[in-house]
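These notes concern the structure reproduced below.
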Amino acid sequence: MAEEEVGEPKTFADLGVCKELVEACESLGWKTPSKIQVESIPYALQGRDVIGLAQTGSGKTGAFALPILQALLAKPEALFACVLSPTRELAIQIAEQFEALGSGIGVKCSVLVGGVDMMQQATSLGKRPHIVVATPGRLLDHLSNTKGFSFRTLKYLVLDEADRLLNMDFEKAIDDILKVIPKERRTYLFSATMTKKVGKLQRACLRNPVKIEAASKYSTVDTLKQQFCLVPAKYKDCYLVYILTEMSGSTTMVFTRTCEATRLLSLILRNLGLKAIPISGQMSQAKRLGALNMFKAGECNILICTDVASRGLDIPSVDLVINYDIPTNSKDYIHRVGRTARAGRSGFAVSIVNQYEVEWYLQIEQLIGKKLPEYPAEEAQVLILFERVSEAKRISQMKIKEGPRNKKRRNAEADDEDAEVYAFNRKNTKTSKKFKRR
Ligand code: AMP
């Protein structure tokens, strides 16, 4: 967690959390509550609506899950709470935290996200889960089409990463959901930033909420070392490879602007013998999960991702974040670099800036209120790599042009990440089964 634990009270029990859940926290290794938990749980337990301004890594999931589970424990009921999340991966992680915290009290969760069979999800709803974690579009689909499913008994609604929900054009879907759920309910809204749209949503669906700000406005943590590297556009790949080899062995996330770039970069790096894997919104659900699990399991130490992966994903220990493309929205920078230097650990973030991105980079420096030092790289040394990197790029571009392989050939291609993800998914059927069950 990025937040410091400050102030009294210091234990979950002090916050009013019941014995069963204190034990659940202990079994997850949560010794003391995080700042957002300290500040929001007592109000939530009093039955107040809560707006929490907190980022991923602050312990926000626990901040809303514990009060909900405590209320559920007092009055167990099916379809008790619904959590809306902007992405499939975040939805799965939230459900995993609910299940982990609620394992001792037999909590059942359903995850309703796109890219997974509706029928399977309908079957899971038929088992009357206590908690539904969903992306708004798929939830609406079920509310309209799945027989016998409604939220008439719903007591809690959580809007997680509300700023992101709204940026992703879920506004209309959320409005429609709000129309069909009970007005008599508790609502928790969590957001990394307070935008105009979030303010509007807050007014539309929260009642006399308490507002809790656990992160200072756009700051980055002190344990994070941040640098930039100004490079000519044509040498960008070269600098990326140079930094990765200088920091070889580090668990790294490389951020690009487009889905296509994740695939190309990953092929280039793999061609050069680096263990890279892409994750982007264009991949199938199974491939995204497979890639994420390979990264978490350490089978690949470099995750190439778009901003889809920059928020919400709970990847505990990233040593290095590289901004291969500078984000045009400065706030995305905060979210990206927030993947490292978590839970008091140190971390490193390097932004590779080309001549066309200087403007965006300066906006970032303005937002974080700091001038960052330059990454020490000798151009002559970096350019030794140029020929090899260019060749790897040429081969990778050709591979992409060839298009998707047939299944037989895919399985035979040892160096293709498709095949690796496929094999990893098969080996780890536990994950996919668990996912299918929902
Ligand atoms: P979140 O901000 O909800 O994504 O949580 C980030 C990570 O912090 C997750 O891996 C949680 O399991 C972990 N976490 C949440 N609350 C605590 C706590 N009080 N103590 C230690 N770890 C925690």
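The values are calculated or read from the model by the stated rules, or taken from the named source; none is laboratory data. Note that the structure is a prediction, hence the values are computed from the model and not measured. Glycine also receives a Cβ, built like all others from the backbone with ideal geometry; neighbour counts cover every protein chain displayed. Just the protein is used for accessible areas: all its heavy atoms, side chains included, with ligands, DNA and RNA removed. Shrake-Rupley method; radii C 1.70, N 1.55, O 1.52, S 1.80 Å.
Descriptive notes on the structure:
- Here is the tail figure for the chain: Cα pairs spaced more than 34 Å apart come to 34 percent of all pairs.
- Distance violations [Cα-Cα > 29 Å] among K19/K196; K234/K399; K60/K296; K200/K236: K19/K196; K200/K236
- Across region 328-342, computed HN-Hα scalar couplings (Karplus, 6.51 cos²θ - 1.76 cosθ + 1.60, θ = phi - 60°) run 7, 9, 4, 5, 4, 4, 4, 5, 4, 6, x, 6, 10, 6, 9 Hz from first to last residue, x flagging Gly and Pro.
- Rounded percent of accessible protein surface that carbon and sulfur make up, region 224-421, 1.4 Å probe: 52
- Here region 7-213 exposes an accessible surface that is 51 percent carbon and sulfur, computed with a 1.4 Å probe and the other protein chains kept in place.
- Each residue of region 145-152 was assigned a 3J(HN,Hα) from its phi angle through the Karplus expression (A = 6.51, B = -1.76, C = 1.60, θ = phi - 60°), giving 10, 8, 4, x, 9, 8, 9, 4 Hz with x at Gly and Pro.
- Placing unit charges on each Cβ (+1 for Lys and Arg, -1 for Asp and Glu) gives the chain a dipole about its Cα centre, and among M283, Y235, Y156 the Cα reaching farthest toward its positive end belongs to Y156.
- Among L320, L367, L66, residue whose mean-square fluctuation peaks in a GNM of the chain (springs only between Cα atoms under 10 Å): L367
- Global geometry of region 7-213, whether rounded, prolate or oblate, following the gyration tensor of its Cα atoms and the 1.5 cut on a/c: oblate
- Of the residues M253, M398, M194, the one that moves most in a GNM of the chain with alpha-carbon contacts below 10 Å is M398.
- By the helix-only formula, in which each DSSP H run with n ≥ 4 contributes -39500 (n - 2.57) and the sum is divided by residues, the chain has a 222 nm mean residue ellipticity of -13500 deg cm²/dmol.
- Simple spin-label estimate for M168 and E184 in nanometres, 7 Å along Cα-Cβ: 3.3
- Excluding same-chain neighbours fewer than eight residues apart, the aspartates and glutamates reachable from K10 by a Cα-Cα span under 15 Å are E26, E39.
- Spin-label pair S27/K370, simplified geometry with 7 Å Cα→Cβ offset, distance in nm: 3.9
- Cα long-axis angle, helix 285-296 against the chain (0 to 90 degrees, to the nearest 10): 70
- Across region 186-193, computed HN-Hα scalar couplings (Karplus, 6.51 cos²θ - 1.76 cosθ + 1.60, θ = phi - 60°) run 9, 10, 10, 10, 10, 8, 6, 9 Hz from first to last residue, x flagging Gly and Pro.
- Nonlocal amide H pairs with R186, under 5 Å, H built at 1.01 Å: Y156, L157
- Remark: the chain carries a charge dipole of roughly 1720 debye about the Cα centre, counting +1 on each Lys and Arg Cβ and -1 on each Asp and Glu Cβ.
- Close amide H partners of T87, meaning residues 5 or more places away or on another chain with modelled amide H under 5 Å apart, do not exist here.
- Packing-based order for 296-305, 172-181, using average beta carbon neighbours within 10 Å, highest first: 296-305, 172-181
- Taking label positions 7 Å along the Cα-Cβ direction at both M247 and M119, the computed distance is 4.6 nm, reported to one decimal.
- Relative contact order [Cα under 8 Å, 6+ residues apart], the chain, whole percent: 17
- Accessible area in square angstrom per residue, region 224-421, 1.4 angstrom probe: 44
- Amide proton proximity set for I304, modelled H, under 5 Å, gap of 5+: V254, I277, I279
- On a per residue basis, region 7-213 carries 40 Å² of accessible surface, using protein heavy atoms and a 1.4 Å probe.
- Principal-axis tilt of helix 417-427 within the chain, Cα atoms, nearest 10 degrees: 40
- Rounded tilt (10° steps) of 386-402 against the dominant C-alpha axis of the chain: 60
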